[in-house]
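Below is one structure; the comments refer to it alone.
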Amino acid sequence: MDRIKLGMVGGGSGAFIGAIHRIAARLDNHYELVAGALSANPERAAQSALDLGIANERSYSDYSVMASAEAARKDGIEAVSIVTPNHLHFPIAKAFLAAGIHVICDKPMTCSLHEALELKNLANNSGKLFVLTHNYSAYPMVRQAQHMVSEGILGKLRLVQVEYAQDWLTTAAENTGNKQAEWRTDPKRSGPAGCLGDIGTHAFNLAAFISGLQLEQVSAELSTFVEGRVLDDNVQAMLRFEQGVRGMLWSSQVAPGNENGLRIRIYGSDGGLEWSQEHPNQLLYSPFAQPSRILSRAGYGYQSEAEHLARTPAGHPEGYLEGFANLYTETAQAIRAARNGDSPAEILNNSLLPGVKQGVEGLQFINAMIHSSQNDGKWTPLENVHELA
């Protein structure tokens, strides 16, 4: 099977998420990284490309030049990964979609809802795929949970509790030379949300993905505990989903003792499910008035929905890298389907890949949360949030 020629914007020396994307793209051997604008600094871009085995003539320091040049090559890239700080997602995605190149973009999709809505239109009219890397939606047992909920195993849904807690910003790491902390706490690069945009959007996406429900209203409080920090570092919210389902969301980056504590619990009239990212290969299923059951990737009973996403035998942990890799592999399948003439819109509609729809919803969620917090926790509907942006 021929490998898809991949480019990358961002992700040069010292970058965290770029390396994660590169590992994920290599894991199932569907891609070959052949071009990159790995840094806006030409020297750093060239050295980063050299380190990754990218030919010098395909190392760029300007993403717009890269988009034009690669589109003009007979052996040009077919897809690009965008792994820059948030404020660059929109212009880069716009440039590559216009050049006829599929886009794989880290989240959140953009810094503003206005940009997200424009990008949605651009992507829908481009004839190209736009995939947003909400990687937690591609963990095997998350897919299993989503399947069980969609099959009605929990009965009528009632409650969704989700949290994402970290501790790495408990002190002012942005003042110590930590590049990841610097841009994530800078509204010019991160956008109007700090913790909310960085990990709160993951918690929201996970709740929406597993439940299959539309979030309608939020009542939120965003806090900034570290002195001198501009953006939020702790978020608490009550949630009102469609069909009368209620929920709560907590995300924090100032909770000592928490490393990457993404956790969801979802309850219905007939039972409940619980999953934790730090124990990714187990799903707790609690049918009402029966003993709870720990489901794993062993392949027995309910686990059929997880089997095709696992690479190793049961008992061998798979998690963060593999979640990204699953998205890259499903995107490769989608790209090949598009080569054969299938509509990108139909491909995405018939898959579980996150795209521009989830990207817009993420920005609606951010805006509604900020507006609610600024108005003393006032219940704020997501459907009208464009008027509040």
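We did not get these values from a lab; they are worked out from the coordinates using the rules stated. As the structure is a computational prediction, the values presented were derived from the model and not from experiment. Positions of Cβ are generated from backbone atoms using ideal geometry, with glycine treated the same way; all protein chains shown enter the neighbour counts.
See the values below:
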{"quantity": "For the range 204-222 and the range 1-68, distance of Cα centres in Å", "calculated": "34"}
{"quantity": "For peptides 70-80, 154-164, 375-385, sequence by mean Cβ density within 10 Å, most packed first", "calculated": "154-164, 70-80, 375-385"}
{"quantity": "Kirkwood hydrodynamic radius over Cα pairs of the chain, then Stokes diffusion coefficient at 25 °C and 0.890 mPa s, in µm²/s", "calculated": "114"}
{"quantity": "Folded to 0 to 90 degrees: helix 320-339 orientation relative to the chain principal axis, Cα", "calculated": "60"}
{"quantity": "Residue of P291, P344, P91 that the Gaussian network model of the chain assigns the largest fluctuation, springs spanning Cα pairs under 10 Å", "calculated": "P291"}
{"quantity": "Neighbourhood net charge (12 Å Cβ-Cβ; Lys/Arg +1, Asp/Glu -1) for Q243", "calculated": "+2"}
{"quantity": "Scattering profile of the range 329-389 at q = 0.18, 0.19, 0.23 Å⁻¹ [log10 I(q)/I(0), Debye over alpha-carbon scatterers]", "calculated": "-0.66, -0.69, -0.83"}
{"quantity": "D_trans [Stokes-Einstein, Kirkwood Rh over alpha-carbon pairs] for the range 140-315, 4 °C, 1.567 mPa s, µm² s⁻¹", "calculated": "75"}
{"quantity": "Pairwise label distance in nanometres, E346 with N125, each label 7 Å out on the Cα-Cβ vector", "calculated": "2.2"}
{"quantity": "Number of Lys pairs (Cα under 20 Å; 8 or more positions apart or on different chains) in the chain", "calculated": "18"}
{"quantity": "Peptides 34-44, 231-241 ordered by average Cβ neighbours within 10 Å, highest first", "calculated": "231-241, 34-44"}
{"quantity": "Dimensionless Rg/Rh of the range 268-389 - Kirkwood Rh, Rg from C-alpha atoms", "calculated": "1.07"}
{"quantity": "Positive minus negative residues near V254 (Lys, Arg vs Asp, Glu; Cβ under 9 Å)", "calculated": "-2"}
{"quantity": "Max mean-square fluctuation residue, GNM over the chain, Cα-Cα springs under 10 Å, options S351, S59, S48", "calculated": "S351"}
{"quantity": "Net dipole in debye of the range 140-315 [+1 Lys, Arg Cβ; -1 Asp, Glu Cβ; about Cα centre; nearest 20]", "calculated": "380"}
